[in-house]
Amino acid sequence: MKQTWRWFGPHDTISTADMRQCGVEGVVSALHQFNPGLVWPEAEIRARQAAIETMPDGAPSGLTWDVVESLPVSETIKTKGDAYAAHIAAYCESLENLAACGLEVICYNFMPILDWTRTNLRRTMDHGGTAMHFDLLDFAVFDLHILRRSGAEADYSSAFTQQAAHRFAGMSDAACETLKNNIVAGLPGANDNWTLADVQAHLATYTEIGSDQLYANLIDFLAEVTPTAERLGLRMCCHPDDPPFSLLGLPRIMSRQADYARLVSDIDVPANGITFCTGSLGVDPAFDPVAFIDDLGHRIHFVHLRNTTREQPVDGQRSSFHEAAHLEGDTDMVATIAALLREEAKRQADERADHVIPMRPDHGQDIIDDLRKNSMPGYPLAGRMRGLAELRGIMAALTTA
Ligand code: DNO
């Protein structure tokens, strides 16, 4: 696998020189300055490529922009809102521009309103560093008492609703404000940054959209854009829901292996592929990474390796979890990487041009120097470097074994 690293652009506190020292081989990036629905101009794409290819002192970095994460799908597309046709046209134009610059792998997601969601961005761990955390009870506090979504009670058991009321009663205004911001303000790389009022307004656009309708909208979107992607030789890859269950009563449709099996068979072309994120999928206790790769590996275009540990409190099928160190959570990373390497070998035997799959160490705990810096949530230097070092060690051991 090609060892890539997410870079947020020239404003990222981590430089191309830093990436080189971490052993990074390629870069994952996006033009976050353009809101979903806007065209990414070719000149801006080339400017980002140039920034990736150059060290701070002007020397070549040896790095290339390998994966676009993400070319965001707008809420208008997800809900088939008024400007649908214009947003589809803009998406296709961005694909044309990316292809003109030589980009091939395009990640996106189809999560309604909220992209990846955590309730606490820095929970102190036993080792003294911090990890991101999703506490289902805190999420219920937000939903029931801060957002005050109508009908929210129906989404929790009555015992859980009572526990949420109790927890809310003990929370300060500052704690409520932090919780609200953690959930709505948008974590790094999220499609959108909302206010509470925005979330309320967008919720109204989903009153008629259940899982079946949202899936139909995803298929309509892909039916519009995959012909362009195919013609351009692009590999689009859908990122799973994070966490892999419904939030705010909204449908979430890309949470498990069966969802991907349906997606790749409904539009059965190589341009319609998968971002295999072990961190998102792994929160589901039924997730079997090896079975997933064995069945659907041929359509995996991009890999996020990350680990999570499920924990209490739980309510029904939904659980809390924290982001574990890469080799310490519920997902067996050695078995996962072994299966991915088998998939690469199969592709090589089949002479597939895309036999090297880009992977990135997804997220990292804040450790050592990260704790003294204002690191981006989930994207610190030392924690991710530890993750990459551990993952590349597994790859090296399995490759030479
Ligand atoms: C979080 C990421 C997400 C992801 C998008 C993909 O760290 O995995 O922001 O990039 O959901 O579209």
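The values are calculated or read from the model by the stated rules, or taken from the named source; none is laboratory data. Computed from a predicted model, the values in this text were never measured in an experiment. When we count neighbours, we look across all protein chains shown, and the Cβ atoms used for this are built from the backbone with ideal geometry, even at glycine. Ligands, DNA and RNA are stripped out before the accessible areas are found, and what is left, the full protein with its side chains, is counted by its heavy atoms. Shrake-Rupley method; radii C 1.70, N 1.55, O 1.52, S 1.80 Å.
A few comments on the model shown:
Residues are listed down the side, and each one gets a yes or a no for (1) over 25 Å from ALA99 (Cβ atoms); (2) in contact (Cβ under 8 Å) with a residue 60 or more places away in the chain:
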position	(1), (2)
GLU208	yes, no
GLU224	no, yes
CYS237	no, yes
ASP268	no, no
ALA271	no, no
GLY279	yes, yes
VAL290	yes, no
ILE293	yes, no
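- None of GLU351, GLU328, GLU390 is within 21 Å of the chain's Cα centre (by Cα), open to solvent by 20 Å² or more (accessible area, probe 1.4 Å) and free of Cβ contacts under 8 Å to residues at least 24 places away in the same chain except GLU328.
- ARG360 being modelled with pLDDT of 95 or more, charged (D, E, K, R), within 16 Å of the ligand (Cβ to nearest atom) and within 22 Å of the chain's Cα centre (by Cα): yes
- Here PHE302 clears all of (1) open to solvent by 10 Å² or more (accessible area, probe 1.4 Å); (2) closer than 24 Å to VAL68 by Cα; (3) within 16 Å of the ligand (Cβ to nearest atom) except the condition numbered (1).
- Single match in LEU218, LEU214, LEU222, LEU248 (criterion: open to solvent by less than 10 Å² (accessible area, probe 1.4 Å) and on the phi > 0 side of the Ramachandran plot): LEU248
- The one condition in (1) in contact (Cβ under 8 Å) with a residue 60 or more places away in the chain; (2) in contact with a Ser or Thr (Cβ under 8 Å, 6 or more places away or on another chain); (3) surrounded by 15 or more Cβ atoms within 10 Å (Cβ to Cβ) that THR13 fails to fulfil: (3)
- Here region 247-262 is the region considered, the condition is being within 13 Å of ASN109 (Cα to Cα) and touching a residue at least 40 places away in the same chain (Cβ under 8 Å), and the residue that is nearest to the chain's Cα centre (by Cα) is MET254.
- Members of region 247-265 that are among the small types (Gly, Ala, Ser) and away from the ligand (no atom under 16 Å from the Cβ): GLY249, ALA258, ALA261, SER265
- Of note, LEU71 satisfies the criterion of being hydrophobic (A, V, I, L, M, F, W, C), surrounded by 15 or more Cβ atoms within 10 Å (Cβ to Cβ) and within 16 Å of the ligand (Cβ to nearest atom).
- Scanning region 150-176 for residues that are farther than 17 Å from LEU247 by Cβ and surrounded by 12 or more Cβ atoms within 10 Å (Cβ to Cβ) returns GLN163, ALA165, ARG167, PHE168, MET171, ALA175, CYS176.
- The residue that is nearest to the ligand (Cβ to nearest atom), counting only those in region 114-126 that are among the β-branched types (Val, Ile, Thr) and open to solvent by less than 10 Å² (accessible area, probe 1.4 Å), is THR117.
- Among the residues of this structure, GLY129 counts as one that is surrounded by 19 or more Cβ atoms within 10 Å (Cβ to Cβ), farther than 24 Å from GLY316 by Cβ and either in contact with a Gly (Cβ under 8 Å, 6 or more places away or on another chain) or at pLDDT below 95 (or both).
- Index of the failed condition, ARG342 passing every other in (1) crowded, with 19+ Cβ neighbours inside 10 Å; (2) basic (Lys, Arg); (3) farther than 23 Å from ASP115 by Cβ: (1)
- Hey, ARG372 without any contact (Cβ under 8 Å) to a residue 12 or more places away in the chain and open to solvent by 70 Å² or more (accessible area, probe 1.4 Å) or not: yes
- From the options LEU222, LEU196, LEU214, residue that is more than 17 Å from SER246 (Cα to Cα) and within 16 Å of the ligand (Cβ to nearest atom): LEU222
- Boolean, ASP284 is open to solvent by less than 40 Å² (accessible area, probe 1.4 Å), among the acidic types (Asp, Glu), within 26 Å of VAL334 (Cβ to Cβ) and within 15 Å of the ligand (Cβ to nearest atom): no
- Residues that are in contact with an Asp or Glu (Cβ under 8 Å, 6 or more places away or on another chain), closer than 19 Å to GLU390 by Cβ and not hydroxyl-bearing (Ser, Thr, Tyr), drawn from region 1-27: MET1, LYS2, GLN3, ARG6, GLY26
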